[in-house]
1. What's the total number of residues in the range 120-152 that are more than 20 Å from residue 66 (Cα to Cα), buried (at least 21 other Cβ atoms within 10 Å of the Cβ) and of a type in the set (S, T, N, Q)?
2. Do we find that residue 48 is in contact with a Gly (Cβ under 8 Å, 6 or more places away or on another chain), crowded, with 20+ Cβ neighbours inside 10 Å, among the hydrophobic types (A, V, I, L, M, F, W, C) and assigned to a strand (DSSP E or B) in this structure?
3. Report, by residue number, each residue of the range 226-239 that is assigned to a loop (DSSP other than H, G, I, E, B) and within 16 Å of residue 115 (Cα to Cα).
4. What number of residues within the range 286-306 satisfy the criterion of being under 22 Å from the mean Cα position of the chain (by Cα) and β-branched (Val, Ile, Thr)?
5. Return the total of residues in the range 347-365 being under 27 Å from residue 185 (Cβ atoms) and surrounded by fewer than 16 Cβ atoms within 10 Å (Cβ to Cβ).
6. Pick from the range 198-225 the residues that are part of a helix (DSSP H, G or I) and of a type in the set (Ser, Thr, Tyr): which of them is farthest from residue 185 (Cα to Cα)?
7. So, in the range 85-114, exactly how many residues are crowded, with 23+ Cβ neighbours inside 10 Å, among the polar types (S, T, N, Q) and in contact with a strand residue (DSSP E or B) (Cβ under 7 Å, 6 or more places away or on another chain)?
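The values are calculated or read from the model by the stated rules, or taken from the named source; none is laboratory data. Model, not experiment: these values are computed from the prediction. Ideal geometry is used to build each Cβ from the backbone, glycine not excepted, and the neighbour counts take in all protein chains shown.
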Amino acid sequence: MKISRRTFARQGSLAMAAGFISPFAVDAAKPDPHERLAMFQEDSARGVVCRICPNECTLKEGELSDCRNRIVRKSKLYTMAFGNPCAVNIDPVEKKPLYHFLPGSSAFSIATAGCNLACLNCQNWTISQTSPDKTRNYNLPPEAVVSQAAAAGCRSIAYTYSEPVTFYEYVYETSRLAREEGIKNIMVSNGYINREPLRQLCRYIDGANIDLKSFTDSTYLKLNGGKLQPVLDTLKTYLDEGVWLEITNLVVPGWTDKPDEIRQMCGWLAENGFTDTPLHFSRFQPQYKLEHLPPTPAGILQKAVAIAHSEGLKYVYLGNLPGAGVEDTICPYCKEKVIDRSGYRIVANTLSNGKCTCGREIPGVWS
């Protein structure tokens with residue numbers, strides 16, 4: 001979901017007016033209250049190694065990580081993002097997008113600055129490609145996130161907008177407290193994380209939407225600044241750990257719109273146990289460093305949907321293309337519409353205990 005600078009300011013004002021959050025100013029002469037000792041760090045002869053994500057930054061005193069969110073102080077790695085989100089909002093869960101996860105409910109959504117990739121087409125580059133000391137932040141420690149989510153009637157907390165892997169410790173503690181209060185947790189992520197940190201986080205995460213940005217290493221490197229295999233490993237780990245998963249693939253003209261590669265991606269998903277996992281093809285809009293490209297033609301998106309179905313994927317959706325008619329949930333067995341959507345609004349939901357009227361179960365988290 002794209003968030004503009006103006007929206008940040010508006011959301012912050014609304015949240016403060018509602019009593020949710022308050023802005024803070026850090027005294028440079030004092031230790032930053034929003035720094036915490038980072039998890040998954042290791043000493044090496046070349047410096048301190050961060051083991052959270054595949055970048056595995058090796059840092060010396062005072063150096064920032066690639067995600068701009070971690071710094072070495074006195075030979076220890078610290079996260080700069082703990083309780084200081086720069087974006088706070090209440091969203092329909094369908095915006096994440098999650099279509100098989102508590103449909104029609106609200107998600108208390110937070111983000112801090114920073115990202116461990118560098119996508120040329122980033123929608124939220126004003127916060128993802130900077131660090132927490134460069135954004136206007138709010139004082140919202142984990143316990144406050146949970147209490148305000150509960151007060152707002154949100155059934156989940158979503159770690160979203162930028163990249164939650166980079167504010168791992170904040171996510172970990174908040175999701176742990178939320179689980180204790182019966183509030184579900186959602187990761188909206190690029191999936192660029194190492195296996196052990198992810199496995200530990202999965203103890204408290206209930207749902208995730210992962211961006212599978214392309215299906216070749218060369219495109220991942222040139223378009224996103226990363227590698228494909230770690231993301232595929234992440235998808236498998238979520239599946240193995242029993243976390244409800246949905247996948248988004250942004251179809252970028254000239255980059256990720258090749259039918260053969262789309263077929264290869266969908267074939268891999270089918271072969272690796274993801275036939276029941278919802279796949280969201282999303283329409284590209286000119287953004288950031290790719291403003292010269294056109295929006296994705298509707299025909300290419302419709303073809304991608306057809307390819308996914310032909311490869312055996314049962315639940316395929318289109319995003320950012322109003323009126324396309326590929327946002328409803330259809331039972332793959334009797335072909336009846338079980339969830340009727342208009343944008344992010346649920347018009348009708350005929351599921352009963354997660355089952356279609358034909359009696360077949362539709363995979364998801366429905367209660």
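1. Result for the range 120-152: 2.
2. When the stated conditions are applied, residue 48 does not pass them.
3. Passing the criteria: 226, 227.
4. Counting residues in the range 286-306 that are under 22 Å from the mean Cα position of the chain (by Cα) and β-branched (Val, Ile, Thr) gives 2.
5. Filtering the range 347-365 down to residues under 27 Å from residue 185 (Cβ atoms) leaves 349, 351-355, 361-365.
Among the residues that remain, those that are also surrounded by fewer than 16 Cβ atoms within 10 Å (Cβ to Cβ) are: 349, 352-355, 361, 363.
Adding up the residues that qualify gives 7.
6. This residue is 218.
7. Number satisfying all stated conditions: 2.
Yes/no per residue for (1) of a type in the set (Val, Ile, Thr); (2) surrounded by fewer than 24 Cβ atoms within 10 Å (Cβ to Cβ); (3) on the phi < 0 side of the Ramachandran plot:
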site: 171; (1), (2), (3): yes, no, yes
site: 183; (1), (2), (3): yes, yes, yes
site: 186; (1), (2), (3): yes, no, yes
site: 191; (1), (2), (3): no, no, no
site: 195; (1), (2), (3): no, yes, yes
site: 198; (1), (2), (3): no, no, yes
site: 206; (1), (2), (3): no, yes, yes
